[in-house]
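Every read-out reported here was derived from the displayed coordinates using simple, explicitly stated rules and does not represent laboratory data. Values in this document were obtained by computation on a predicted structure and should not be read as measured data. Counting neighbours? That spans all protein chains shown, and the Cβs are built from the backbone with ideal geometry, glycine included.
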């Protein structure tokens, strides 16, 4: 379990249209000292992100309205440092390929053990901190191009993998 | 496979994949709700120890059955996507594992064990084929074995490379109550499923090879 300090620090957003699932998951994550907010569809998620950028987003793919892939695409375009973990009950390899291509940090099958999810969230947060720190350092020094490179680090990493 | 059959299979595949997705959501809600109860009692245990123990036992059963349900649903979801493509590259180790998990009950009903065997370590065995027809060939082979074998025997299905190169699936029958090889192969070949297998393996451009000394046969591709 994490510390209180960590609870204040990590901001996560859980996005899933299964209300019972996402609310219970949120409670369990909060019991592990990580603050979690909930959005019940793609539109809510995008609105939330515009008001308060999370560090890590846990995102379902199949949702009515704007689906998870589109949410991922828009979030990574506007806020490349937000780490997105896909958590879906859909078993398509094509979806996983597409999500990773768009910069998803991880792709998990639903349901997942909460401790496994929390471990991945912490890992994603660590990466988010590293990217933001490096970007901030270079931005302060006026090296905006290098800062941008760090902001886009995940995207670049993903392209290299391909 | 004719286009009409392909359309029908794709339709059933889509409906089934959609349904398994919904079942996964149900299982996920049960898992999280049970997990939350467990989290709460970890922080604040029940006042009487015997009730806490009963609670823990009951929770362990729920979790065990949940894992079973999740495993089956995950494999079934993948299976439901089988008709998505007329030709696909299959990882035969995964495919055989999945097939055994989904068909184990057919064997259990006849008191016959069914296991997926392991190929030599790190061997990648892949085959590009029609996934639906490949599953059908596996199933007809299993059904033939179940017709020819008595209770308290075992079937082990192992992907391997026959002669070091051709992807193959070995069906090996073991146990204390095995019939003599001659009788086994007579019954095997008399089974309706065996004729279906012959037809299917022809469509897949494969062949069946039997080892009449050892109650084994191979589907070779």
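A Cα-only calculation for region B:3-83 places Rg and Dmax at 18.6, 65 Å. The relative contact order of chain B comes to 17 percent, based on Cα pairs under 8 Å that sit 6 or more residues apart.
Between residue B:152 and residue A:101, the FRET efficiency estimated from the beta carbon spacing at R0 = 56 angstrom works out to 0.65.
Based on the Kirkwood approach, the hydrodynamic radius assigned to chain B is 19.8 Å, with every pair of different Cα atoms included.
Here each label is just a point 7 Å from Cα along the line to Cβ, and for residue B:10 and residue B:111 those points are 4.7 nm apart.
Considering helices alone, the calculated mean residue ellipticity of chain B at 222 nm is -20500 deg cm²/dmol, with DSSP H runs of length four and up weighted by -39500 (n - 2.57) and normalised per residue. Across region B:103-217, Cα-Cα pairs more than 18 Å apart make up 50 percent of the total.
Under conditions of 37 °C and 0.692 mPa s, region A:90-133 yields 280 µm² s⁻¹ as its translational diffusion coefficient, taking Rh as the Kirkwood radius over Cα pairs in the Stokes-Einstein equation.
For the pair residue B:182 and residue B:87, label points projected 7 Å from Cα toward Cβ lie 4.5 nm apart. Computed over Cα pairs, the Kirkwood radius of region B:38-97 leads via Stokes-Einstein (0.692 mPa s, 37 °C) to a diffusion coefficient of 221 µm² per second. The simple spin-label model puts a point 7 Å past each Cα toward its Cβ; for residue A:132 and residue A:62 those points are separated by 3.4 nm. Convex hull volume of the C-alpha atoms in the protein assembly as shown, normalised per residue: 180 Å³.
If you rank A:55, B:94 by fewest surrounding Cβ atoms within 10 Å, what's the result?
Working: A:55 22, B:94 15.
Exposure proxy ranking, most exposed first: B:94, A:55.
With contacts taken as Cα pairs under 8 Å at a separation of at least 6 residues, region B:91-221 carries a relative contact order of 25 percent.
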